[in-house]
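Notes follow once the structure below has been shown.
The values are calculated or read from the model by the stated rules, or taken from the named source; none is laboratory data. Computed from a prediction, not measured in an experiment: that's the story for all the values here. Cβ: placed from backbone, ideal geometry, glycine included. Neighbour counts: every protein chain shown.
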Amino acid sequence: MQPIGDVDFTELHAILTEPGVRRYLCDNVIIPESQTSEFIARSRELLADEGAGLCGVRKESEPELLGCVGFWYFQEPPRLELLFAMSERVWRLGYAREAAQRMIVYGREQLGMRTILASTDTPNVASIGLLKNLGFVLTEQRIAKGLPTSFFELREAS
C-alpha cells in the first residue's frame, strides 16, 4: 500500500463514482472530478501533518488500483476514523479485510491509536459485517447528517 497521489486520480475517481461505492461513501452522489482532486490533496496534507490519509490498495504484482484505505476525518465534530473503499469488481474477495487489517496495525504502531473509530451508514450491511469481523464493537446508532449511522470502536487489547 502506497499513499494515494495524483497518479491515482483517474482510477480513484472511477472507483468513487461506481454505484455501489458512491451509495454509502458519497451519499449516492456522483462526485465531480474536482472533488476527487480535493480528496487526493487533503489526503496528502493529512499524511504530511498527522501521518493519516489514504493509501491505494493494489495486488502486489499489478499496478491497477483496487481501492483505498486509511484514516479520514468524519462526523461533527470531526473524528479520525478508519475508511475503506474497494471497487465493486473486488468485493467479497478479501481485499478490504486485508487492507483494513494492515491499516489497523499502522494506526496502532505508527500513530499510537489505542482506540480506532469507524462509522458507516446503517444500511451498509457489508461494511458493518467487515467491521465486526475485524473486532470492532458497535457503540451507537443515530442519525448523522440526516442518515442512519452506526458507530464502532476497536479498542486495544488489555
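Filter the range 125-144 down to residues that are touching a strand residue (DSSP E or B) at 6+ places or on another chain (Cβ under 8 Å) and within 16 Å of Phe84 (Cβ to Cβ) and give me whichever is surrounded by the fewest Cβ atoms within 10 Å (Cβ to Cβ). Write out each step before concluding.
Applying the first criterion (touching a strand residue (DSSP E or B) at 6+ places or on another chain (Cβ under 8 Å)) to the range 125-144 yields 127-128, 130-132, 134-144.
Next, from what is left, pick out any that are within 16 Å of Phe84 (Cβ to Cβ): 127-128, 130-132, 134-136.
Numbers: Ser127: 21, Ile128: 18, Leu130: 18, Leu131: 23, Lys132: 12, Leu134: 18, Gly135: 14, Phe136: 22.
Checking each candidate, the answer is Lys132.
Kindly check whether there is at least one residue in the range 111-124 that is on the phi > 0 side of the Ramachandran plot and either surrounded by fewer than 18 Cβ atoms within 10 Å (Cβ to Cβ) or touching a Pro at 6+ places or on another chain (Cβ under 8 Å) (or both). The answer is yes, given that some residue of the range 111-124 is on the phi > 0 side of the Ramachandran plot and either surrounded by fewer than 18 Cβ atoms within 10 Å (Cβ to Cβ) or touching a Pro at 6+ places or on another chain (Cβ under 8 Å) (or both).
Residue count for the range 122-151, restricted to those that are hydroxyl-bearing (Ser, Thr, Tyr) and in contact with a Phe, Trp or Tyr (Cβ under 8 Å, 6 or more places away or on another chain): 2. For the range 127-158, taking the residues that are modelled with pLDDT under 95 and not in a strand (DSSP E or B), the one that is nearest to the chain's Cα centre (by Cα) is identified as Lys145. Polar (S, T, N, Q) and more than 21 Å from Asp8 (Cα to Cα) - does that describe any residue in the range 75-91? Yes, because at least one residue in the range 75-91 is polar (S, T, N, Q) and more than 21 Å from Asp8 (Cα to Cα). Contact map, the range 43-62: residues that are more than 12 Å from Asp8 (Cα to Cα) paired with residues that are part of a helix (DSSP H, G or I), Cβ distance under 6 Å, separation 6+ or inter-chain. Pairs shown: Ala52/Leu46; Gly53/Ser43; Gly53/Leu46; Gly53/Leu47. If the condition is being acidic (Asp, Glu) and either over 26 Å from Arg155 (Cβ atoms) or at pLDDT below 95 (or both), then the range 60-98 contributes Glu60, Glu62, Glu64, Glu76, Glu88. In the range 82-110, the qualifying residues are those that are aromatic (Phe, Trp, Tyr) and touching a residue at least 12 places away in the same chain (Cβ under 8 Å), and the one that is surrounded by the most Cβ atoms within 10 Å (Cβ to Cβ) is Phe84.
For a quick check of your reading: which strands (runs of 3 or more DSSP E) sit entirely within the range 1-86 and have at least 1 residues that are on the phi < 0 side of the Ramachandran plot, in contact with a strand residue (DSSP E or B) (Cβ under 8 Å, 6 or more places away or on another chain) and acidic (Asp, Glu)? Talk me through it step by step, then tell me what you get.
On the way: elements: 53-57, 67-74, 79-86.
Of the strands (runs of 3 or more DSSP E) lying wholly inside the range 1-86, those with at least 1 residues that are on the phi < 0 side of the Ramachandran plot, in contact with a strand residue (DSSP E or B) (Cβ under 8 Å, 6 or more places away or on another chain) and acidic (Asp, Glu) span 79-86.
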